[in-house]
Structure formats: structure tokens, C-alpha cells
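Visitor: Please find one structure pasted underneath; my questions will follow.
Nothing in this text is a laboratory measurement; each read-out follows from the coordinates by a stated rule. Here the structure is a predicted model, which means the values were calculated and not measured. In this analysis, Cβ positions are derived from the backbone assuming ideal geometry, glycine residues included, and neighbour counts consider all displayed protein chains.
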Amino acid sequence: MVPRRDHATVAFTFDLHDVDHPSDVRHAAEWFAERGLPATFFVPSALFAIAPLAEALRRLPALGHEVASHGHEHDWNEIDALMGGRPERLGFLRESHARHADFFGEAPASFRSPRWCTLGPHAVHALAALGYRADSSATPQRFPLFSSTPLNPGWWASPRTVHELAPGLLEIPTSTLLVPAGAPAFLTLRGAGSRTLVAALMRECRWSGAPLVLQFHVEDFTPATLRDRGWGRASWRDLLPRARGGFRIKLFLRERDPDRIVATHRGVVEACAPLEPSTIGGIARARYERRPSGRTTAAQGA
């Protein structure tokens, strides 16, 4: 890989789900660890009860990775509650936090909402009260029609740099240029398009001082993945937006060849070689450690 040449930071992150295969989790975690690249794995706590997955997840900290929270069930009930639910609907955040602490022996420091949904004030308060130090749910200036909630403006007006959501809780946005720099975009843009997107965001990060935050799925690093990518057959209904899920037609625009998928994602990682790798929690710690007298500043880069 190209030697690192500057002090800009990159955070490689993974969103895990109950359809992920343990072998894909192991392969992705080991691939990054072998290259000295710590990653942040956002995990729904319900996965801790799935024995084969639990075994793979338990090894992540030993490989130098951060394990963070992705909610409990990662379903629409949780999304609705996070976006605007009353406090009594947010009990799953406490349950997820407790299960994580019991499973790993320490509480999670970072959180990402399911489907990058927005966080209402009650959700922000609950996360801060539980002791989370960082959230990475925001996708600033994401075009809403491309999202899973196309009728919601989402994070359109959110700052693009690291900022505080509440005292002690930083927002570390997922890097976005109309679409998040994540697996769905990489599958759609393919190799050259994905590298162009990341190159543009890298230039912005060097200028602003914000970290480059990328999102992946574990199966996209495994040519022989056992995960079923089947999306069925396209129909005219897929051209219509759904309040929950958005335009389904976007699924059929994505790359399907396993070798090209892996090449695209590895190419994205290799393009980030000049940057200093960190985890979401590591970025938050560095911000707080270098802040004078423990005072809070708003929108600065990490």
C-alpha cells in the first residue's frame, strides 16, 4: 500500500445485520487487521444471541477493531422511535447498551442508527445519558430521494464536520456527496465511480479537517460470500417510492458480480492509504483529549 503522507483521518466502518454470515465477518475483520487498519463494526445487539455470529463478533476487539451499537433489532419500530418517538419508546437503547456491556465486558462508545435515520431530541438525550461518546448516523446533504425514507428531509441541513449533539456526545458524520460514501453507492458507482467519489471527499476532508468516514458491508470483501444477494425480479412498482425503503429499483442498478464487488471495495480502501486510520471511538477520544479545559466546541474537524 502507498505510505501514509498526511494527517487527515479515515474511519472504515461496517454495518452488520442478522443476514450476515459469520465467515464474512471473520474474513473482513482479518483482512483489515492484517493491513493494520482498525475498523468500527456497528452491531445490532440482537446478534449476540445468534451463536455462530456471536463467536465471530467476540473476536473483533482482539483484532484491534471497535464494536459499536447499531440498535437492538435494527427494524422500523426502532427507526420510528429514534426519529421522533417519545422517551418510553426508546427502551431498546438501554437494552442494547446493557447487552453489549454484558457480552464484551465494556459498554459501547459509539452508535449509528439503522438506515442512517435521523435522531430526534429524545434519542439524542438517551444516547448521551447512556454515556455514548460518538454518533455516526448523520449523512449531511444526502439527497432524500436516494434514501430509505424519501419523504423525510433527513440530515440534509446537518453540518459536514464533527460537532456536538449534546454535552459529551459528538456527531461524526458519514462522509456524503449527495449519496453516503458507503456500500450502496459503491455497488452502484462501481470501481472508477467509487474511487472518484472518495477522492472528492478526501479533498474536502483535507481542506476542512473533518475525518473521512466510509461505510461497508462485510460480504463485499469476500468473493465467495455465502450471503444471499437475491432481490427477486424487478417490476414497475419498483419505480415508485415507498415511505419505508424508498425506490426499490435502486437495488437492480447495483453490481452483482462478486469479483468486481470485492475489487471495488478493496480499491476504495487502497485509495485511502495516504490517510491515518482510526475508529469512530478513537476520533471522539482524540477530540476530547486535545480540547482545552474540557470545554465543548462546536463544528471542528477531527
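Visitor: Tally Lys/Arg at +1 and Asp/Glu at -1 over every other residue whose Cβ is under 13 Å from the Cβ of Gly193; what's the total? Before the final figure, lay out the partial values.
Guide: Working: positive: Arg190, Arg195, Arg254, Arg260; negative: Glu255.
Net charge in that neighbourhood comes out at +3.
Visitor: Something else now. Given R₀ = 45 Å, FRET efficiency for Glu55-Arg206 by Cβ-Cβ distance, to 0.05?
Guide: On the way: r = 40 Å, r/R0 = 0.89.
Taking R0 as 45 Å, the efficiency between Glu55 and Arg206 is 0.70.
Visitor: Got a sec? Charge dipole of region 9-294, +1 on Cβ for Lys and Arg, -1 for Asp and Glu; which of Trp31, Gly193, Thr161 is way out at the positive end?
Guide: Selected residue: Gly193.
Visitor: Suppose only helical runs count, i.e. DSSP H with n ≥ 4. What mean residue ellipticity at 222 nm does that imply for the chain under -39500 (n - 2.57) per run, divided by all residues and rounded to the nearest 500 deg cm²/dmol?
Guide: Values: 8 runs with 104 residues, N = 302.
Helices in the chain give a 222 nm mean residue ellipticity of -11000 deg cm²/dmol.
Visitor: Just grab the label-to-label distance for Arg256 and Arg291, each label 7 Å out from Cα along the Cβ direction, in nm (one decimal).
Guide: Label at Arg256, label at Arg291, 4.8 nm between them.
Visitor: Could you check what % of the DSSP bridge pairs in the chain are antiparallel, to the nearest 5? It would help to have the intermediate numbers written out before the result.
Guide: Working: 7 of 28 bridges.
Among the beta bridges of the chain, antiparallel pairing accounts for roughly 25 percent.
Visitor: With a/c under 1.5 counting as rounded, go ahead and sort region 56-193 into rounded, prolate or oblate using the C-alpha gyration tensor (a ≥ b ≥ c being the square roots of the eigenvalues; past the cut-off, prolate if a/b is larger than b/c, else oblate).
Guide: On the way: a/c = 1.70, a/b = 1.24, b/c = 1.37.
Verdict is oblate for region 56-193.
Visitor: If you take every residue apart from Glu171 with its C-beta less than 12 Å away from the C-beta of Glu171, what net charge results, scoring Lys and Arg +1 and Asp and Glu -1? Don't skip to the answer; put the middle values down first.
Guide: Details: positive: Arg112, Arg133, Arg160, Arg287; negative: Asp135, Glu164.
Combined, the nearby Lys, Arg, Asp and Glu give +2.
Visitor: Under the classification rounded if a/c is under 1.5, otherwise prolate if a/b is larger than b/c and oblate if not, where does the chain fall, given a ≥ b ≥ c as square roots of the Cα gyration tensor eigenvalues? Can you show the working numbers first?
Guide: Numbers: a/c = 1.20, a/b = 1.09, b/c = 1.10.
Note, shape of the chain comes out rounded.
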